[in-house]
1. State which residue is farthest from Glu148 (Cα to Cα) when the search covers only region 65-86 and only residues that are part of a strand (DSSP E or B) and not β-branched (Val, Ile, Thr).
2. Just the residues that are part of a helix (DSSP H, G or I) and more than 8 Å from the chain's Cα centre (by Cα), please, taken from region 25-43.
3. Name the residues in region 90-117 that are more than 26 Å from Lys61 (Cβ to Cβ) and either over 17 Å from the mean Cα position of the chain (by Cα) or modelled with pLDDT of 95 or more (or both), would you?
4. In region 123-144, how many are at pLDDT 90 or above and surrounded by fewer than 19 Cβ atoms within 10 Å (Cβ to Cβ)?
5. State all residues of region 127-145 that are farther than 11 Å from Gly76 by Cβ and touching a residue at least 60 places away in the same chain (Cβ under 8 Å); if no residue qualifies, say none.
6. Output yes when any residue across region 52-61 is in contact with a helix residue (DSSP H, G or I) (Cβ under 7 Å, 6 or more places away or on another chain) and at pLDDT 90 or above, and no when none is.
7. Could you say whether any residue in region 152-174 is farther than 19 Å from Arg31 by Cβ, surrounded by fewer than 13 Cβ atoms within 10 Å (Cβ to Cβ), at pLDDT 70 or above and not aromatic (Phe, Trp, Tyr)?
Amino acid sequence: MLYPEIVVAGCGNPLFADDGFGPAVVEELMRLELPDNVKVVDAGLGGPHFIFTLLDPECTKRLIIVDIADFGAKPGELATFRVEDLPAGSYRDIHSWDLTEPLQQLKDAVDITIIGCQPGKVTAPEFELGLTDEVQDAIPVTVHLVLEIIGVDYGTAIENLRKEGRQRETDGETCSGEG
């Protein structure tokens, strides 16, 4: 089985400032002990062309996509979208690939939720590492939202993280922002 019942895919490229939001959220989620039926994947830029097309609707019942999305809000604000909320061609990656097409093909067999974060700065094609402060601050909120969607208690997940000593190397903080 390639992917289990629930797949969380962080999309984006950390080389283009806030476009690295999805992979940054995935990095935090990978620090947590999650149920065996959950797979967290850094989809990078390959989400629509590799990850999404490899999902087997017989096994995978839920797909949560974490990515930046320009929906006219303040940088760092979050919104959730269903595939039906995305008109054809409205959800594209930085290479202008339409991401709605592979999602449209899956939506009747897989429950798809897109968590979008309003970016402050996307520098493509110029390289710039690092998220803006507003988007960085949205990471723990997004982790909490993902855990809520998949039915994992946030407090227990963070407690297990502390017990195992899997804390951030920097500042000794966990993804919850607590030390």
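The values are calculated or read from the model by the stated rules, or taken from the named source; none is laboratory data. For clarity, every value in this text was computed on a predicted model and none was experimentally measured. For neighbour counting, all protein chains shown are included, and Cβ atoms are generated from backbone atoms with ideal geometry for every residue, glycine included.
1. So the residue we want is Asp67.
2. Across region 25-43, the qualifying residues are Glu27, Glu28, Leu29.
3. Passing the criteria: His95, Ser96.
4. 12
5. Hits for region 127-145 are Phe127, Glu128, Leu129, Gly130, Pro140, Val143, Leu145.
6. Checked against the condition, which is being in contact with a helix residue (DSSP H, G or I) (Cβ under 7 Å, 6 or more places away or on another chain) and at pLDDT 90 or above, region 52-61 yields no hits at all.
7. Within region 152-174, none of the residues are farther than 19 Å from Arg31 by Cβ, surrounded by fewer than 13 Cβ atoms within 10 Å (Cβ to Cβ), at pLDDT 70 or above and not aromatic (Phe, Trp, Tyr).
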